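Here is the structure we will look at, set down as structure tokens.
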Amino acid sequence: MTQHLSEAEAAFEKRKLVIGIRMTLIYSAVYAGFVVVSVFQPTWMGVRALLGLNLAVAYGLGLILVAIVFAIVYNQLCRVPASGAAPGAQPGAVPDGGKQEK
Amino acid sequence: MAIAVFVIFVGLVLAVSAHTSRRAASVGGYFVANSSIHWGVNGVAFAGGYLSVASFLGICGLIAFFGYDGFLYSIGFLAGWIVALFVIAEPMKRMGTYTFSDALNRNFSHPGIQLAAGLSVLVVSLFYLVPQMVGAGVLVEPLLGISHYWGVIIVGSVVIVLVAGGGMTSTTYVQFFNGGLLLTFAAVLTVAVLFRGVSPDERPLEEGREGLESYRYEQVAVTIEGGQPRVDLPGARNVGRHAVVDANTGAETAVFYRLSRLVPAIADGDDGYTAEIKGRTPYFDGAAGSGWRIEQLDGRPHVRIEDWWRLMRGADGSEVLVETQYRAVMPDGSVLINGAPDSADNRLRQMGGVSAIPAEIGERTGPVGPLRLLSVLSDRSTVVQRPLIANFTTDAGERMTIHYQEPTAGSEFMRPGLMFPLEASPGEPPLTTLLNRLNFISLMLALFLGTSALPHILIRYYTVPSAEAARKSTIVAIAGIGLFYVLTMYLGVGAIAGGAINPETSNMSAPLLARSFGEVLFAMISGIAFTTVLATVSGLIMAASGSVAHDLMGNLMRRQFSDHAKVLTGRLVAVVVGVIGIVLGIAFRDMNVSFMVGWAFAVAASANLPALLMMLFWKKATAQGIIASILVGIVSAVGLILLSPDMWVRYGFDPATAPMPINQPGIVSIPLSFVVLVVVSLATARRNGTGAVATTR
């Protein structure tokens, strides 16, 4: 793949990859925290935490909502810079040269 | 009405297949819809294909039966998409064309990788396919009144026509259709649950008996004298006792008495009688030799029945006997429900409900907001009537299943612990506590890492035109699936709070919740359950079809095939895999569906993900290392499941003697697969003098 990209495109791809790995690690840590509390301090999960919800419900719903927010943030961070080349659409990766459907 | 909705949905699916079949003539058209699907459509199709029956009905049922522990599946299933988005989506699209083995093999051009990856796709697809087909039969039976056998055949046939005819394009649009329906329907049902609120007094209508109020289990005062219960019920005498015993302490956690008693009967025909038992009116054959005793009491006929009552403490602290329900399979094979013959007029009643809410709220909450509902249900003053089961065989050889309700505080119901016993109970050996915790960690690990390696998810990256579209469609999928999983919480707690629980199967919780709001919603959920099976199964068959035609066939036969031959093979494989799915769906009818879904996740996480991640991020990965990792992942994950305590029970052995002490293999098989890849790669890199040239750095 790299051999098809210009230097600017390769740098952009690398930046995206770094962002993706960092966000994965952050989310993994939050997820691991949930598992650790559930396993080693399960009674904490019954404590009132936020908006009348106990920690289990607040943390669980939070993990889902954080995933959605992370996804949107990641997409914003990965938008092609106005001055940069447009990586992504790759000639030859579309079998039969199909036309995008709406 | 449910049948009409079902027929309409079948018609729509077949119309889609016919309409899209023209576009499935070429290789690109058949296997990846010419990579021309819009990212928005692809994102919703991701959701429609991923949200299987296990997600839709299974999780709702688990939440209804086990409270928060069911929701853990929602969290794990969604969290896995983060891995898919951040590290898998775009590289997969850039590096592959038809299947994920393209991407794996991009830097190596090694036929062994294509074979191993193709084999892995086939194995995971089949493991995932079978429970979907079993689920189709299990659901169609009560929802549409069709037998399991015919349910599987109909669903399998429609899916074969859909996939063999329209290929990936028709599969995509059916998944898109299903994703939209699931999200809309779950939102409508959630709004209905919030409007109903929580009330200990009001119950929805009972299933199947229009106008009949949900049954309230009676309780009678009891005194225990010399081990015998004394109750004020007509002609009552104790004829049996059973206790559920804590395995660690030996304490009796639930005690049941079997009472023989008289129930008023009404003559029905020459020798027949009907009697009202738990709100049902079963028929009794009163003829001599029938086994039923008709006795006169106060000048009126009564039928003598036996039923089970649970010994509990009443609100004032005195001892009471509380009604339960039971199913008994007698030594001659006949079946009794609640002491009367099994029949269409005498089925088990729905269970569940909330028997108390915080005093400051009053008698009922009325319509509530989404956070308020969860807050009320997780309050320590709230009491949820949780359905439980006691299975045993009497000395007379009767196989008993007692269904009883366990009053559970909301604060306990809405936190982890009811399905996964993470907290050490009194007298529990430290090793048992450790194994319970490892089992839980293993499950959460497999859910987190398994999602992004499922074959029917991976092939969807190739149906969009660019890596950017792959990323955007994954984001749409995360938003849609995340929203849906939040809604599953409301469907699950709505089912238990509304007393809409079929005690014999958790899978019926969401449909019965829908029925409690009227027949229209029940008909809708029946149709959607069908499209849910169809959407997932069609994706799996497409993945299997692609792996055989693209990865296995050419490599095994060591020759190049024309595009026409590949499409023809793909269609034939779709038919063959569909037929295998039908046969296994019928053969595994009694197999627990969640077992095999767990297998699929564990195998995908163990076989595919280590290979994918290391190929992307480790320069020293070699073709031999990747092949070894995939094969070891498949064998170790499947092997450990086959040696697990749950499987040992199915073989008829003592689960304590199982070679694998926990049921979830991921905590062993996933790291093992990584280790094998590293060791083999390092060993072969020295021999080959080269490793992979990573493509994304």
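The values are calculated or read from the model by the stated rules, or taken from the named source; none is laboratory data. In this text the structure is predicted, and so the values were computed from the model without any measurement. Ideal geometry is used to build each Cβ from the backbone, glycine not excepted, and the neighbour counts take in all protein chains shown. We work out accessible area using only protein heavy atoms, side chains counted, and drop any ligands, DNA or RNA first. Shrake-Rupley method; radii C 1.70, N 1.55, O 1.52, S 1.80 Å.
Of all the accessible heavy-atom surface of region B:441-537, with the other protein chains kept in place and a 1.4 Å probe, what percent is carbon and sulfur? Working shown, then result.
On the way: 940 of 1440 Å².
Summing carbon and sulfur atoms, their accessible area is 65 percent of the total for region B:441-537.
Could you give the angle, 0 to 90 degrees to the nearest 10, between helix B:39-50's Cα long axis and the longest principal axis of the Cα atoms of chain B?
Relative to chain B, helix B:39-50 is tipped by roughly 50 degrees.
Cα-based Rg of chain B per 2.2 N^0.38 Å, rounded to two decimals? Let's see the in-between values first.
Numbers: Rg = 27.5 Å, N = 697, 2.2 N^0.38 = 26.5 Å.
So chain B has a normalised radius of gyration of 1.04.
Could you please state, rounded to a whole Å, how far the C-alpha centre of region B:71-124 is from the C-alpha centre of region B:425-502?
A separation of 18 Å, based on Cα centres.
Take the alpha carbon atoms of region A:53-74, find their center, do the same for region B:627-678, and report the distance between the two centers in whole angstrom.
Each part reduced to its Cα centre gives a spacing of 31 Å.
Taking all protein chains as present, what is the carbon and sulfur share of the accessible area of region A:2-80, in % to the nearest whole number, probe 1.4 Å?
Of the solvent-accessible surface of region A:2-80, carbon and sulfur hold 71 percent.
Roughly how many debye, to the nearest 20, is the charge dipole of chain B about its Cα centre, given +1 on each Lys and Arg Cβ, -1 on each Asp and Glu Cβ, and no other charges?
3460 debye
Compute the accessible area per residue over the protein assembly as shown, keeping the other protein chains in place, probe 1.4 Å, unit Å².
38 Å²
Using only Cα atoms, tell me the angle between helix B:68-83 and the longest principal axis of chain B; keep it within 0 to 90° and round to the nearest 10.
The two axes meet at around 10 degrees.
Provide B:647, B:312 ordered by accessible surface of protein heavy atoms (probe 1.4 Å), highest first.
Sorted descending by solvent-accessible area, the residues read B:312, B:647.
Please pull out the direction-averaged projected area of region B:476-523, using the convex hull of its alpha-carbon atoms, in nm² to one decimal place.
3.8 nm²
So if I place +1 on the C-beta of Lys and Arg and -1 on the C-beta of Asp and Glu, and nothing else carries charge, what would the dipole magnitude of region A:2-80 be about its Cα centre? I want it in debye, nearest 20.
Once rounded to the nearest 20, the dipole reads 140 debye.
Helix B:519-546: angle to the longest alpha-carbon principal axis of chain B, degrees 0 to 90, nearest 10?
It works out to around 30 degrees.
For region A:2-80, what is the Kirkwood estimate of the hydrodynamic radius, computed as the reciprocal of the mean inverse distance between distinct Cα atoms, to one decimal in Å?
It works out to 14.8 Å.
Which residues, if any, in region B:447-467 lose at least 50 square angstrom of accessible heavy-atom surface (probe 1.4 Å) when the other protein chains sit next to their chain rather than the chain being alone?
When all protein chains are present, B:448, B:465 each give up 50 Å² or more of accessible surface.
Quick one: which of A:14/B:93; A:16/B:619; A:16/B:620; B:93/B:619 span more than 28 angstrom between C-alpha atoms?
none
Could you check how many percent of all C-alpha pairs in the protein assembly as shown are farther apart than 48 Å?
Result for the distance tail: 23 percent.
Where the Cα atoms of region B:340-422 are projected onto their three principal axes, how long is each span, largest first, in whole Å?
50, 37, 20
What ranking of B:332, B:69 comes out by heavy-atom accessible area, probe 1.4 Å, highest first?
Heavy-atom accessible area, descending, gives B:332, B:69.
Find the sum over both chains of the accessible area lost when B and A are paired, probe 1.4 Å, and report it in Å² to the nearest 100.
On the way: alone 27210 and 8080 Å², together 30160 Å².
Result for this pair: about 5100 Å² buried.
Which residue, B:60, B:288, B:117, has the largest displacement toward the positive end of the dipole of the protein assembly as shown when charges sit on each Cβ (Lys, Arg +1; Asp, Glu -1)?
Value: B:117.
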